[in-house]
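Enquirer: Structure in structure tokens, see below.
The values are calculated or read from the model by the stated rules, or taken from the named source; none is laboratory data. Computed from a prediction, not measured in an experiment: that's the story for all the values here. Methodologically, a virtual Cβ is constructed for each residue, glycine included, from the backbone with ideal geometry; neighbour enumeration extends over all protein chains shown. For the accessible areas, the whole protein counts, side chains as well, though only heavy atoms, and no ligand, DNA or RNA atoms are used. Shrake-Rupley method; radii C 1.70, N 1.55, O 1.52, S 1.80 Å.
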Amino acid sequence: MTTSRALTWDVTASRGYETAWVEFEGGTLRARGRAVGTAPETYWISYELETGDRYVTRRLRVIAETAEHTHALDLRHDGRGGWTADGEPVPEVGGALDCDLGLCPLTNTMPVLRHDLHRTAGEREFLMAWVSVPDLTVQPSRQTYTHLARTDGGGRVGFASDGFRSEVEFDADGCVVDYRGLATRLTPR
């Protein structure tokens, strides 16, 4: 059974907004999204995200535009831990299962769903293929997710990476509702 969602966040960290159209089917996720921000500079991005089983990233395609540059990235995971960016190997993120598009609350969904961290006690450390915005460079990022509490239908998860710490509230589908210091989901009227 396929579940479709349209999600929009006020992304305070970029002083902008993001909307994603997400489809869940079994243990997979497909999404397309657009974001506009004014920090670190004025930009807009379009992306398409596809996962394989257990929400393991298979492909992230992104186009980012600023006043002076257009950047494009085709980031692929081979299902065995290998990554390529525009066809070139990215060995420094070898072994990572997930991408993390900078300033994008949607990409926190995959590791949380895979380990049910929004519902079940536990702590997990991940290596992520982190993509900076708006220049779209790929870098390794160690991130820790810790289940903190259940909420109505979802849960609260602690997030830590490189000295940054936050709490993230997820809904029952594992999508970000509130990511302190980054983004808050807007409720449609």
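Enquirer: Going by what's in this entry, would A13 be described as assigned to a strand (DSSP E or B), aliphatic (A, V, I, L, M), touching a residue at least 60 places away in the same chain (Cβ under 8 Å) and surrounded by 15 or more Cβ atoms within 10 Å (Cβ to Cβ)?
Expert: Judged against the criteria, A13 is not a match.
Enquirer: Separate question: If you check T19 against the conditions, is it of a type outside the set (G, A, S) and either part of a loop (DSSP other than H, G, I, E, B) or open to solvent by 40 Å² or more (accessible area, probe 1.4 Å) (or both)?
Expert: Judged against the criteria, T19 is not a match.
Enquirer: Next up: Read through the list (1) in contact (Cβ under 8 Å) with a residue 60 or more places away in the chain; (2) of a type outside the set (S, T, Y); (3) under 22 Å from R5 (Cα atoms), then give the number of the only condition that V131 fails.
Expert: Unmet condition: (3).
Enquirer: Please specify each residue of region 92-107 satisfying the condition of being surrounded by fewer than 20 Cβ atoms within 10 Å (Cβ to Cβ) and either assigned to a helix (DSSP H, G or I) or among the hydroxyl-bearing types (S, T, Y) (or both).
Expert: Once the filter is applied, which keeps residues that are surrounded by fewer than 20 Cβ atoms within 10 Å (Cβ to Cβ) and either assigned to a helix (DSSP H, G or I) or among the hydroxyl-bearing types (S, T, Y) (or both), region 92-107 yields only E92.
Enquirer: Additional query: Do we have any residue at all in region 61-69 that's open to solvent by 30 Å² or more (accessible area, probe 1.4 Å), farther than 24 Å from D171 by Cα and within 18 Å of the chain's Cα centre (by Cα)?
Expert: For region 61-69, residues open to solvent by 30 Å² or more (accessible area, probe 1.4 Å), farther than 24 Å from D171 by Cα and within 18 Å of the chain's Cα centre (by Cα): present.
Enquirer: Something else: Could you run through region 158-172 and say how many residues are touching a Ser or Thr at 6+ places or on another chain (Cβ under 7 Å) and closer than 20 Å to T8 by Cα?
Expert: 1
Enquirer: Somewhere in region 82-91, is a residue surrounded by 17 or more Cβ atoms within 10 Å (Cβ to Cβ), part of a loop (DSSP other than H, G, I, E, B) and not polar (S, T, N, Q)?
Expert: Yes, region 82-91 has at least one match.
Enquirer: Quick one: which residue in A31, A64, A6 is of a type in the set (G, A, S), in contact with a strand residue (DSSP E or B) (Cβ under 9 Å, 6 or more places away or on another chain) and either outside any strand (DSSP E or B) or more than 17 Å from V176 (Cβ to Cβ) (or both)?
Expert: None of the others qualify; the one that does is A64.
Enquirer: Can you tell which of A64, A85 is modelled with pLDDT of 95 or more, of a type in the set (A, V, I, L, M, F, W, C) and over 15 Å from M128 (Cβ atoms)?
Expert: After ruling out the rest, the residue left standing is A64.
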